[in-house]
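What follows is a single structure, written as structure tokens, with notes after it.
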């Protein structure tokens, strides 16, 4: 049993190393900010957006799975790894994060793309689909409820309020000074930690937390405000039910905010990074859903 576990770990590491040799790297200009991306395969464009704390390599399993039929492009969001890291919280406004993805799509000579996002990448993907729908063909979200659902839970669900304490901590002045690359890498599989430590050391911790300072709801939480336009394109959602940061109650009513077919896949034994914890299920689910649209 131990030998089998070692063999599987070794196989995963070899595959991970292989994808770094296969991808092609490039940069798009987004209003003077360079956005790095890694590209694999050819065909219709799929743009993948990572969350916190992460970088393009988060999507290694899905890039391998989809690259036979698609050009799969995984970006480093601004502040992370090889992308630029502008100073100032205002440079991490959601409109600018959305603009970075649009810049990548245009840079690659496309009018639209299938957009995939996890965590903060999911927030960017939802916002892109809502406010710049002409560039989104289909939408895939991993462990990030629609913001309407998250705001409702923050306003009404004590458990979600408790579990969002980390976000409130991140919004405090100087919070980035308590972060280390090694500490963040404790969240990822052991076989990948050295790689992630290198990427985090190339990143800007203050920039990472500016996502929270600029865009995450603040206390007192309310469910007020004008409703955003509904999403018009087909949506596929994956949510690991062991996610302690984003409670599954926020998924309720998502169908009210999507004026197209919505497919929701809940994964009982996966956590916040369900595209790692259930990599094969998520990858196969993406492929079959895309083929059926």
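Okay, residues lined up against (1) over 18 Å from the mean Cα position of the chain (by Cα); (2) crowded, with 17+ Cβ neighbours inside 10 Å; (3) touching a residue at least 40 places away in the same chain (Cβ under 8 Å):
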site: 172; (1), (2), (3): yes, no, no
site: 176; (1), (2), (3): yes, no, no
site: 207; (1), (2), (3): no, yes, yes
site: 211; (1), (2), (3): no, yes, yes
site: 214; (1), (2), (3): no, yes, yes
site: 218; (1), (2), (3): yes, no, yes
site: 221; (1), (2), (3): yes, yes, yes
site: 228; (1), (2), (3): yes, no, yes
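Evaluate the following for residue 284: is it in a helix (DSSP H, G or I), modelled with pLDDT of 95 or more, out of contact with any strand residue (DSSP E or B) (no Cβ under 7 Å at 6 or more places or on another chain) and surrounded by fewer than 15 Cβ atoms within 10 Å (Cβ to Cβ)? For residue 284, the condition - in a helix (DSSP H, G or I), modelled with pLDDT of 95 or more, out of contact with any strand residue (DSSP E or B) (no Cβ under 7 Å at 6 or more places or on another chain) and surrounded by fewer than 15 Cβ atoms within 10 Å (Cβ to Cβ) - is met. Of the residues 254, 244, the single one that is surrounded by 14 or more Cβ atoms within 10 Å (Cβ to Cβ) and on the phi < 0 side of the Ramachandran plot is 254.
Can you tell me which residue in segment 26-35 is nearest to residue 68 (Cα to Cα), limited to those that are touching a strand residue (DSSP E or B) at 6+ places or on another chain (Cβ under 6 Å) and surrounded by fewer than 22 Cβ atoms within 10 Å (Cβ to Cβ)? For segment 26-35, the residue satisfying everything is 26. Could you tell me whether segment 223-234 includes any residue that is in a strand (DSSP E or B) and on the phi < 0 side of the Ramachandran plot? Scanning segment 223-234, I find at least one residue that is in a strand (DSSP E or B) and on the phi < 0 side of the Ramachandran plot, so the answer is yes. Of the residues making up segment 80-104, those that are crowded, with 24+ Cβ neighbours inside 10 Å and closer than 17 Å to residue 202 by Cα are 80, 83. I need the full set of residues from segment 243-268 which are over 17 Å from the mean Cα position of the chain (by Cα) and part of a loop (DSSP other than H, G, I, E, B), in order please. Once the filter is applied, which keeps residues that are over 17 Å from the mean Cα position of the chain (by Cα) and part of a loop (DSSP other than H, G, I, E, B), segment 243-268 yields 252, 253, 259, 260, 261, 268. Restricting attention to segment 120-147 and to residues that are closer than 19 Å to residue 265 by Cα and surrounded by fewer than 24 Cβ atoms within 10 Å (Cβ to Cβ), the residue that is modelled with the lowest pLDDT turns out to be 147.
Taken over segment 130-150, the criterion of being outside any helix (DSSP H, G or I) and free of Cβ contacts under 8 Å to residues at least 60 places away in the same chain is satisfied by 132 alone. Every condition in (1) surrounded by fewer than 17 Cβ atoms within 10 Å (Cβ to Cβ); (2) more than 30 Å from residue 284 (Cα to Cα); (3) under 18 Å from the mean Cα position of the chain (by Cα) is met by residue 161 except one, and the failing one is (3).
The values are calculated or read from the model by the stated rules, or taken from the named source; none is laboratory data. Bear in mind that the values here come from a model prediction, so they are computed numbers and not experimental data. As a convention, Cβ positions derive from the backbone with ideal geometry for all residues, glycine included, and neighbour counts pool all protein chains shown.
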